[in-house]
């Protein structure tokens with residue numbers, strides 16, 4: 001009797017010991033800071049060190065066209081970047097999963113992973129060297145006689161998209177390969193034998209089967225693009241107008257934490273709701289998707 | 001289409017061409033970074049002026065500071081390294097504890113807790129940064145107002161950077177380690193207990209060796225992600241800049257090929273890390289992030 005009691009007590013102690021780091025981490029670094037951010041966003045400074053609850057920060061966001069324009073722009077650009085990434089990554093994932101076999105397949109897969117072991121800063125530096133007015137591509141275009149003078153390829157919306165797609169590819173390829181590999185070739189063969197065209201095989205067999213992978217990839221890519229800072233600011237320069245940059249400006253440059261917190265919450269809201277919608281559309285569970293990617 | 005079906009010639013040619021273009025797209029940026037680290041010109045841009053090692057070892061006659069003489073960059077590499085070591089140690093330790101919690105323990109609210117552990121992965125890094133910054137400042141102010149304590153570590157600086165990076169990297173470690181623990185055959189442990197092994201001995205001789213690939217793998221990923229982190233770090237950084245922040249600052253000003261030299265060093269380092277990890281027989285897929 002006594003021993004069982006001690007055992008149970010010991011088990012409780014062990015559980016507590018294992019729970020402590022997790023609870024400390026989640027409460028002090030995730031939950032409380034976000035609650036604090038919420039409180040911060042719902043107040044307004046009336047005098048030095050004096051605040052009152054208000055919706056002023058959110059009102060400013062909607063009243064000032066600049067802010068919500070940038071917000072919508074960031075969301076749209078992220079959506080376009082996600083779509084482009086999907087379109088570019090799909091044939092590659094198909095090649096890895098279906099066309100190549102054994103060593104060749106795993107080699108291509110590893111080759112696709114390599115650039116992503118390198119820091120985003122380095123990759124962006126590469127694009128800057130390639131695209132700026134004095135860079136590699138403009139001078140190549142002049143040499144080929146396509147343009148008379150070197151043109152500036154940086155600081156355009158399309159440059160930002162190139163950079164964003166480049167940074168996101170891996171996160172699309174990995175889930176796509178995973179979901180395509182599990183597709184039985186016999187299904188495609190059967191469809192072909194029954195006279196289906198390539199297009200209808202893709203639409204009726206491949207895409208429905210790969211839907212979980214496509215959703216997982218799109219969610220991760222959209223989220224990361226939305227929260228990206230480095231690529232838009234460096235490749236877009238002053239024209240980047242990315243929402244994370246607004247958050248940085250409010251928080252660090254202007255020291256207007258209340259406004260920055262409201263912006264942060266709006267971004268979080270958008271990002272979370274996209275994740276939610278994506279999961280709803282395909283009826284998947286959050287945990288499964290995160291584990292897969 | 002798949003190989004077992006007839007593919008028209010144009011489709012085959014198209015696939016090959018697409019693959020070639022894709023690989024060019026993937027590697028061109030890295031290639032130019034590496035190449036222009038050796039260009040004998042003050043800016044990393046064409047034309048090619050000849051091969052030089054000035055951007056590594058420096059050249060006083062031409063007033064060039066090389067990577068090995070650039071104390072600012074060397075200091076920032078050291079800063080990044082220190083931060084990454086802390087983050088790795090913390091993430092692997094807490095990640096292991098979390099993995100046992102998810103896979104072995106039974107308690108009310110476990111499902112909610114394990115779901116909550118994934119939350120940091122869907123919060124943009126910038127927001128993790130500002131929320132921790134705001135909360136830490138509030139704590140610091142509170143300590144100052146009520147107790148007259150000046151808690152330096154709660155002000156922007158390296159301790160906050162470590163905490164900020166840890167806050168989401170640990171979620172990745174948790175996933176990696178618990179995935180491996182899930183596949184563990186518990187009869188091995190039971191057999192050892194039956195043979196009279198103590199709890200500590202079983203843990204040391206059976207559980208830990210089994211988990212080793214995941215521990216090493218998640219450690220390497222944590223180190224790499226910490227070293228390369230930008231978004232969260234940017235919001236929390238104080239006077240000492242880690243390498244990514246330092247490079248970002250210089251890239252905005254239009255930097256010399258010293259940056260290419262550092263980048264080359266980074267590429268070689270991460271290639272080595274990836275290579276040893278793959279050789280290490282780890283069964284984990286080397287996905288650097290979630």
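The values are calculated or read from the model by the stated rules, or taken from the named source; none is laboratory data. A quick note: this is a predicted structure, and the numbers were derived from the prediction, not measured. Every residue, glycine among them, receives a Cβ derived from its backbone with ideal geometry; neighbour counts consider all protein chains shown.
The listed residues are B:41, B:24, B:45, B:61, and the only one of them that is within 22 Å of residue A:142 (Cβ to Cβ), without any contact (Cβ under 8 Å) to a residue 60 or more places away in the chain and more than 10 Å from every other protein chain (Cβ to nearest Cβ) turns out to be B:24.
Note on the range B:234-245: residues that are buried (at least 23 other Cβ atoms within 10 Å of the Cβ) and either within 12 Å of the chain's Cα centre (by Cα) or within 17 Å of residue A:235 (Cα to Cα) (or both) amount to 1. For the range B:84-110, a tally of residues being free of Cβ contacts under 8 Å to residues at least 12 places away in the same chain and within 25 Å of the chain's Cα centre (by Cα) returns 3.
Hey, any hits in the range B:149-167 for a residue that's surrounded by fewer than 14 Cβ atoms within 10 Å (Cβ to Cβ) and more than 30 Å from residue B:243 (Cβ to Cβ)? Talk me through it step by step, then tell me what you get.
Our first condition is that a residue be surrounded by fewer than 14 Cβ atoms within 10 Å (Cβ to Cβ); within the range B:149-167, this holds for B:149-150, B:152-153.
Next cut, more than 30 Å from residue B:243 (Cβ to Cβ) only: B:149.
Yes - at least one qualifying residue is present in the range B:149-167.
Could you tell me which of the residues A:5, A:102 is more than 13 Å from every other protein chain (Cβ to nearest Cβ) and more than 30 Å from residue A:245 (Cα to Cα)?
On the way: A:102 fails: more than 13 Å from every other protein chain (Cβ to nearest Cβ).
Residue meeting the stated conditions: A:5.
In the range A:148-201, counting only helices (runs of 4 or more DSSP H) that sit wholly within it, the ones holding 3 or more residues that are within 12 Å of chain B (Cβ to nearest Cβ) and either crowded, with 16+ Cβ neighbours inside 10 Å or touching a residue at least 40 places away in the same chain (Cβ under 8 Å) (or both) span A:157-181, A:185-193.
Evaluating residue A:206 against the criteria (1) farther than 15 Å from residue A:71 by Cβ; (2) in contact with a helix residue (DSSP H, G or I) (Cβ under 7 Å, 6 or more places away or on another chain); (3) in contact (Cβ under 8 Å) with a residue 24 or more places away in the chain leaves one unmet condition, (2). Tell me yes or no: at least one residue of the range B:40-48 is assigned to a helix (DSSP H, G or I) and at pLDDT 85 or above. For the range B:40-48, residues assigned to a helix (DSSP H, G or I) and at pLDDT 85 or above: absent.
Table: residues versus (1) within 28 Å of residue B:236 (Cα to Cα); (2) part of a helix (DSSP H, G or I); (3) at the interface with chain B (Cβ under 8 Å from one of its Cβ atoms).
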{"residue": "A:38", "(1), (2), (3)": "yes, yes, no"}
{"residue": "A:51", "(1), (2), (3)": "yes, no, no"}
{"residue": "A:72", "(1), (2), (3)": "yes, yes, no"}
{"residue": "A:79", "(1), (2), (3)": "no, yes, no"}
{"residue": "A:85", "(1), (2), (3)": "no, yes, no"}
{"residue": "A:114", "(1), (2), (3)": "no, yes, yes"}
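Which count do you get for residues in the range B:74-107 that are touching a helix residue (DSSP H, G or I) at 6+ places or on another chain (Cβ under 6 Å) and closer than 24 Å to residue B:240 by Cα? Summing the residues that are touching a helix residue (DSSP H, G or I) at 6+ places or on another chain (Cβ under 6 Å) and closer than 24 Å to residue B:240 by Cα in the range B:74-107 gives 10. Spot the failing condition for residue B:174; the list is (1) without any contact (Cβ under 8 Å) to a residue 40 or more places away in the chain; (2) farther than 30 Å from residue A:42 by Cα; (3) facing chain A (nearest Cβ under 9 Å), and only one is missed. Against the list (1) without any contact (Cβ under 8 Å) to a residue 40 or more places away in the chain; (2) farther than 30 Å from residue A:42 by Cα; (3) facing chain A (nearest Cβ under 9 Å), residue B:174 comes up short only on (1). Of the set (1) at pLDDT below 90; (2) more than 8 Å from chain B (Cβ to nearest Cβ); (3) within 13 Å of the chain's Cα centre (by Cα); (4) surrounded by 23 or more Cβ atoms within 10 Å (Cβ to Cβ), all apply to residue A:222 but (1). Counting only helices (runs of 4 or more DSSP H) wholly contained in the range B:199-245, the ones carrying 1 or more residues that are without any contact (Cβ under 8 Å) to a residue 40 or more places away in the chain occupy B:199-202, B:208-228.
Condition check ((1) at pLDDT below 85; (2) assigned to a loop (DSSP other than H, G, I, E, B); (3) at the interface with chain A (Cβ under 9 Å from one of its Cβ atoms); (4) under 25 Å from residue B:161 (Cβ atoms)) across all residues:
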{"site": "B:250", "(1), (2), (3), (4)": "no, no, no, yes"}
{"site": "B:255", "(1), (2), (3), (4)": "yes, yes, yes, yes"}
{"site": "B:261", "(1), (2), (3), (4)": "no, no, no, yes"}
{"site": "B:273", "(1), (2), (3), (4)": "yes, no, yes, yes"}
{"site": "B:287", "(1), (2), (3), (4)": "yes, yes, yes, yes"}
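One residue stands out among those in the range A:225-262 that are under 14 Å from residue A:75 (Cα atoms) and away from chain B (no Cβ under 11 Å): the one that is surrounded by the fewest Cβ atoms within 10 Å (Cβ to Cβ), which is A:241.
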